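Before any comments, here is the structure.
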């Protein structure tokens with residue numbers, strides 16, 4: 001397994017926003033998940049295909065070298081091919097491509113280094129393109145992306161006298177999403193100075209802990225973070241001591257807005273607290289005021305094979321349920337080359353109205369001008 005820098009590029013969104021998170025997370029174990037392993041496997045497949053000029057589809061149904069627990073699926077093959085097709089647009093004859101390229105950004109971050117998925121140095125020597133494959137299903141923006149900044153700074157250090165322009169590309173094949181951010185060398189180095197200041201602060205003993213939705217999301221120290229706990233308490237108790245009742249209908253709009261702004265962060269913190277208490281009880285057998293009990297369960301067949309056999313004898317064809325595949329499953333089963341054959345059968349109804357902050361780029365479903373026109 002690859003080692004990680006203390007001030008890593010992948011975790012930079014956290015320590016840049018919350019410098020105190022570095023010390024707070026020390027000694028806490030990493031959380032493993034299938035989705036993280038799946039993403040690592042997709043990167044391994046990408047590395048193999050680009051360095052050895054193989055087709056990802058040659059690996060379908062096979063385990064990978066490092067991530068043997070992950071079997072390569074057709075979806076992974078299609079995703080890696082999507083990535084390869086995209087980066088090849090920036091790889092004309094004479095350009096240099098570097099796959100799983102180590103980058104050193106220690107000029108700005110003490111002992112800072114990382115591994116960029118792919119870097120292409122243009123034929124004219126004026127542009128460096130840095131590509132990042134994201135195999136997850138959450139939209140990631142390339143704009144002001146701190147991981148991309150550090151990789152580009154590392155590339156700027158490597159080719160110190162040459163490139164004038166830098167581009168960072170986020171490629172998310174499972175979402176058909178590509179985002180690109182372009183900077184001049186001067187713009188990049190200006191941001192590098194800010195990063196240098198934040199990195200130095202993160203390594204101090206009294207670095208501040210600054211709670212926020214983005215930096216707290218995957219923080220290992222979230223559950224027992226005092227500033228996050230205080231923020232939550234402050235939001236929940238705002239003006240409650242002066243209220244005759246805690247009925248939300250009686251709170252003013254500003255108080256309700258502040259509570260809504262902090263909803264995701266508060267829920268995320270409470271989930272982390274519950275997980276922390278549960279883990280403590282599992283490890284020690286106790287936690288003041290709480291215990292683990294057996295939850296509700298549903299009946300199930302002791303043997304699916306025996307149940308199928310017995311019910312077939314008793315009910316015949318009525319022992320089975322049959323329903324058509326969902327759109328997503330049908331598209332996955334057919335593959336991208338055949339989805340056009342069912343395109344005319346697919347419709348997308350309007351989504352359920354969802355509350356969103358005014359900064360959300362989606363338009364409001366309540367068009368005041370249209371309603372006004374209806375009265376004329």
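Tabulated values for the structure
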{"item": "Residue count, segment 194-239 (criterion: free of Cβ contacts under 8 Å to residues at least 12 places away in the same chain and assigned to a helix (DSSP H, G or I))", "result": "5"}
{"item": "Residue that is surrounded by the fewest Cβ atoms within 10 Å (Cβ to Cβ), among those in segment 252-289 that are at pLDDT below 85 and farther than 18 Å from residue 231 by Cβ", "result": "253"}
{"item": "Residues (under 22 Å from residue 32 (Cβ atoms) and either outside any helix (DSSP H, G or I) or touching a residue at least 60 places away in the same chain (Cβ under 8 Å) (or both)) located in segment 64-84", "result": "64, 65, 66, 67, 68, 69, 70, 71, 72, 73, 75, 79"}
{"item": "Residue within segment 69-81 that is at pLDDT 95 or above, surrounded by fewer than 19 Cβ atoms within 10 Å (Cβ to Cβ) and in contact with a helix residue (DSSP H, G or I) (Cβ under 7 Å, 6 or more places away or on another chain) present", "result": "yes"}
{"item": "Search result, residues across segment 31-60 that are under 16 Å from the mean Cα position of the chain (by Cα) and either in contact (Cβ under 8 Å) with a residue 60 or more places away in the chain or outside the structural domain of residue 131 (by TED's automatic domain parsing) (or both)", "result": "31, 35, 38, 39, 42, 43"}
{"item": "Selection from segment 305-341 of residues that are part of a helix (DSSP H, G or I) and touching a residue at least 60 places away in the same chain (Cβ under 8 Å)", "result": "332"}
{"item": "Candidate set: segment 137-172, residues that are out of contact with any strand residue (DSSP E or B) (no Cβ under 9 Å at 6 or more places or on another chain) and assigned to a loop (DSSP other than H, G, I, E, B); chosen: the one surrounded by the fewest Cβ atoms within 10 Å (Cβ to Cβ)", "result": "161"}
{"item": "Tally, over segment 180-193, of residues that are within 25 Å of the chain's Cα centre (by Cα) and either part of a strand (DSSP E or B) or surrounded by fewer than 16 Cβ atoms within 10 Å (Cβ to Cβ) (or both)", "result": "4"}
{"item": "Segment 342-364, residues that are exposed (fewer than 10 other Cβ atoms within 10 Å of the Cβ) and not in a loop (DSSP other than H, G, I, E, B)", "result": "343, 344, 345"}
{"item": "Single condition residue 331 does not satisfy, out of (1) surrounded by 10 or more Cβ atoms within 10 Å (Cβ to Cβ); (2) modelled with pLDDT under 85; (3) within 23 Å of residue 75 (Cα to Cα)", "result": "(2)"}
{"item": "Subset tally (residues that are surrounded by fewer than 13 Cβ atoms within 10 Å (Cβ to Cβ) and either at positive phi or in contact with a strand residue (DSSP E or B) (Cβ under 8 Å, 6 or more places away or on another chain) (or both)) for segment 20-59", "result": "3"}
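The values are calculated or read from the model by the stated rules, or taken from the named source; none is laboratory data. Note that the structure is a prediction, hence the values are computed from the model and not measured. Glycine gets a Cβ as well: all are built from the backbone with ideal geometry, and neighbour counts include every protein chain shown.
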